[in-house]
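Accompanying notes for the structure given below.
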Amino acid sequence: MAFYEQAFPVEVREPEEIFKISMKHAEINDFNNYRFLVGMEGEQIISFATGHYFAEINTGFIVYIVTNPSIRNRGLGSKTLTKLEEMLNEDALNAGFSALDRIVLETETSDMVHTNEEKEACIKRNKFFERNKFTLTNVIDYKQPPLHNSDVSIPLNLYEKKYKGGETTKETLEEVIIVLFKEKYYDINKIDKSVLANCIREMGVENRYINFH
């Protein structure tokens, strides 16, 4: 958690109990899953990453990935990311698919950082995902729901890595976002449905009916 708190601006840091809720939520779902991956070297924690698998859209969602800042130039980030991708693909196979369709993830924009250190980390993080074949989506102006009892959405970058050919249409991306909002931000984070609906409208997908239950 120390890595986690140091690595991300407070706006995009979830309360620690969300990790535990995510684990418990995965236990009661047949095919949806949650991965909490910790990299160790002896007794030292060198990385961790978390991600969800959503069977309805055969998509992985990486929430966080962090490496020990004291260990550099060893490719820990790419190794951790590759391992998490493998685990999410295992979830797709267990759900009856031949392979994962895609992985999506959110990253902060340069506009939301508070310090020079956070700005540098933001730039490095985005370049890291691009090196690992993630592409910034641009068909929707993506907004993350507020994580800390606010009504104000958070403009973020939404990256995608596809495992099958063809471009991602706006309609497909809308479907991904809606499932993400329901399965992650409503069922797990317990964000009020009116806040989620407003965030969705801000992204221009208000014509899609979402049944939060």
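Summary table
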quantity: Among residues of the range 104-139, those that are in contact with a strand residue (DSSP E or B) (Cβ under 6 Å, 6 or more places away or on another chain), open to solvent by 40 Å² or more (accessible area, probe 1.4 Å) and polar (S, T, N, Q), counted; calculated: 1
quantity: In the range 25-46, residue nearest to residue 91 (Cα to Cα) [restricted to those that are surrounded by fewer than 11 Cβ atoms within 10 Å (Cβ to Cβ) and not aliphatic (A, V, I, L, M)]; calculated: 30
quantity: In the range 47-102, residue nearest to residue 126 (Cα to Cα) [restricted to those that are open to solvent by less than 50 Å² (accessible area, probe 1.4 Å), in contact with a helix residue (DSSP H, G or I) (Cβ under 9 Å, 6 or more places away or on another chain) and of a type in the set (D, E, K, R)]; calculated: 102
quantity: Filtered residues of the range 140-160 (kept if open to solvent by less than 70 Å² (accessible area, probe 1.4 Å), modelled with pLDDT under 90 and of a type in the set (A, V, I, L, M)); calculated: 147, 154
quantity: Flag if residue 163 is surrounded by fewer than 18 Cβ atoms within 10 Å (Cβ to Cβ), of a type in the set (Ser, Thr, Tyr) and in contact (Cβ under 8 Å) with a residue 60 or more places away in the chain; calculated: yes
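Results for (1) at pLDDT below 95; (2) among the polar types (S, T, N, Q); (3) within 22 Å of residue 21 (Cβ to Cβ); (4) in contact with a Gly (Cβ under 8 Å, 6 or more places away or on another chain), shown as yes or no for each residue.
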| position | (1), (2), (3), (4) |
| --- | --- |
| 165 | yes, no, no, no |
| 169 | yes, yes, no, no |
| 172 | yes, yes, no, no |
| 175 | yes, no, no, no |
| 194 | yes, yes, yes, no |
| 202 | yes, no, no, no |
| 206 | yes, no, no, no |
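The values are calculated or read from the model by the stated rules, or taken from the named source; none is laboratory data. Computed from a prediction, not measured in an experiment: that's the story for all the values here. Ideal geometry is used to build each Cβ from the backbone, glycine not excepted, and the neighbour counts take in all protein chains shown. To get the accessible areas, we keep the full protein, side chains included, count just its heavy atoms, and leave off ligands, DNA and RNA. Shrake-Rupley method; radii C 1.70, N 1.55, O 1.52, S 1.80 Å.
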